[in-house]
C-alpha cells in the first residue's frame, strides 16, 4: 500500500501536531512456499520535525515455520517492530520513490510516495527467527543406531578395561 507523502504531511498539519497515527492491515508476500501471503495488522506512527521524520510501528501476524530439530511445520505468532528515520527532500524528483545516500540516510521526496507494505514486508523478513523450534523440549529427529554410533569393535577391549578400572576405584 502506497501513501502520498504530501497527504501525510497535510494530515499532520491539519492535526496541528507533528504526530500521526495510521492503522494498517496488509498482506505481505514472504517469497516462501509456507508463507505465500501473510496478513499483518498494526499501526504506523509518523513523527515529523522540520525536514526530519520518524516512522515507527508494531505489526502482528501468524506465520508457518519449520522446526530446526524435527522439521515439523508449526504456526507461530510474529511481532514486528519497525523504526525508520530519514529526511524529507524537496529537491528530489517525484519519480524517485526513495533514495539512500552513501552515509545511510533515507531521503524521501516531498511529492513522492511511501510504500508501507514493502516496509512491513522487509521488517517481517528480518523478524523471522533464524532457528525456530516448535517447542523448547523438542527432541529432534528420531535416528536409528548406525554402526558408527555403536563404535568400532576394535576399541571394545579398551572399553572393558575402562569399566574394570572404574569398578576397582569404586570398591
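The values are calculated or read from the model by the stated rules, or taken from the named source; none is laboratory data. For clarity, every value in this text was computed on a predicted model and none was experimentally measured. Here the Cβ is made from the backbone with ideal geometry for all residues, glycine too, and neighbour counts use every protein chain on show.
Given the condition without any contact (Cβ under 8 Å) to a residue 40 or more places away in the chain and either loosely packed, with under 12 Cβ neighbours inside 10 Å or assigned to a strand (DSSP E or B) (or both), answer yes or no: does some residue in the range 74-81 qualify? So that I can check it myself, show each step before the final result.
So in the range 74-81, the residues without any contact (Cβ under 8 Å) to a residue 40 or more places away in the chain come out as 75, 77.
Applying the additional criterion that residues be either loosely packed, with under 12 Cβ neighbours inside 10 Å or assigned to a strand (DSSP E or B) (or both) yields 75, 77.
Yes, the range 74-81 contains at least one residue that is without any contact (Cβ under 8 Å) to a residue 40 or more places away in the chain and either loosely packed, with under 12 Cβ neighbours inside 10 Å or assigned to a strand (DSSP E or B) (or both).
Within the range 14-54, track down each residue that is surrounded by 12 or more Cβ atoms within 10 Å (Cβ to Cβ), more than 26 Å from the chain's Cα centre (by Cα) and either at pLDDT below 75 or within 30 Å of residue 67 (Cβ to Cβ) (or both).
Within the range 14-54, just 18 meets the criteria.
Name the single residue that is modelled with the lowest pLDDT among those in the range 70-90 being over 23 Å from residue 121 (Cα atoms) and in contact with a strand residue (DSSP E or B) (Cβ under 8 Å, 6 or more places away or on another chain). Spell out the reasoning first.
Keep residues of the range 70-90 that are over 23 Å from residue 121 (Cα atoms), which gives 70-72, 89-90.
Next, from what is left, pick out any that are in contact with a strand residue (DSSP E or B) (Cβ under 8 Å, 6 or more places away or on another chain): 72, 89-90.
Values: 72: 93, 89: 74, 90: 66.
Here the answer is 90.
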